[in-house]
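Reviewing the structure listed below.
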Amino acid sequence: DKVGYETWVALLREAVAESRGDLDREQIEPEIEVPVPAFIPDVLVKDPQRRLGWYRRLSQSHSPAEVDRTLDELEIEVGELPPETRNLGELISARLLCRDLGIVQCRWLRIRVELTLHPSSPLTRARLERIASKHPKRLKVEGADDNLCVSARFTPREAEHPFRYLRWVLARLRREDS
């Protein structure tokens, strides 16, 4: 039947891409570990179904701009958003940016953030080392070519706003002329 054939073709394409090591960024679900609360408080949106609806809309966003628009709509509906809800938006935006860059894990540590790359990330060692050379006290590239990790040091003041710093790091990695 037609549906079975289309499913078989899709699975075959996926298997071929995987065997080639091609990166399907849509399938990457970056793990973001940042020690800040990130949620929509019950007191902000009392009805559980509506709250779940907002979570759904945010999680289905395809870009940080779309996340921002959704948060703006939520703010119009309920008033000023608490830091936890802003953090949720930043967490989702960071996940989208990491996905685009082929980053599979982001770990916020004591004095640095570590970004682990998928082997097929568009960020090559040469490009990462060029970026790191412009920020030698901040950025360091570690690991083998098939297991690259970028370590970015932050100050205590930057640690107070982890998503702001993370956006700065991701912007450096994203820029073509870095």
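Values quoted throughout were computed directly from the atomic coordinates according to the rules given, and no laboratory measurement underlies them. Not measured: the values here are computed from a predicted model. Don't worry about glycine lacking a Cβ; one is built from the backbone with ideal geometry, like all the others, and counts go over all protein chains shown.
Between Glu129 and Ala144, 0.36 nm times their residue separation minus their Cα-Cα distance comes to what? Provide the component values of the computation, followed by the final result.
On the way: separation 15, 0.36 × 15 = 5.40 nm, distance 1.28 nm.
That pair, Glu129 and Ala144, stretches by 4.1 nm at full extension.
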Say the dipole of the range 92-178 comes from +1 at the beta carbon of Lys and Arg and -1 at that of Asp and Glu; which of Pro122, Gly143, Pro156 then lies farthest toward its positive end? Pro156
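Could you order peptides 60-67, 147-154 by the average number of other Cβ atoms within 10 Å of their residues, highest first? List each step's numbers first, then the result.
Values: 60-67: 14.9, 147-154: 18.5.
Packing proxy ranking, top to bottom: 147-154, 60-67.
Is the shape of the range 93-135 best called rounded, prolate or oblate, per the rule: a/c under 1.5 gives rounded, else a/b larger than b/c gives prolate, else oblate, with a ≥ b ≥ c the square roots of the Cα gyration tensor eigenvalues?
Values: a/c = 1.88, a/b = 1.08, b/c = 1.75.
The shape class here is oblate.
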Fully extended, how many nm does the chain gain between Gln60 and Asp47 (0.36 nm per residue separation, minus their Cα-Cα distance)? 2.7 nm
Roughly how many whole Å is it from the C-alpha centroid of the range 121-167 to that of the range 43-90? 29
Table column - 3J(HN,Hα) (Hz), the range 144-158, Karplus curve with 6.51, -1.76, 1.60, x for Gly and Pro: 6, 4, 8, 8, 6, 9, 10, 10, 10, 7, 10, 8, x, 5, 5
Gyration tensor verdict on the range 89-167 (Cα atoms; rounded if a/c is under 1.5, prolate if a/b is larger than b/c, oblate otherwise): oblate
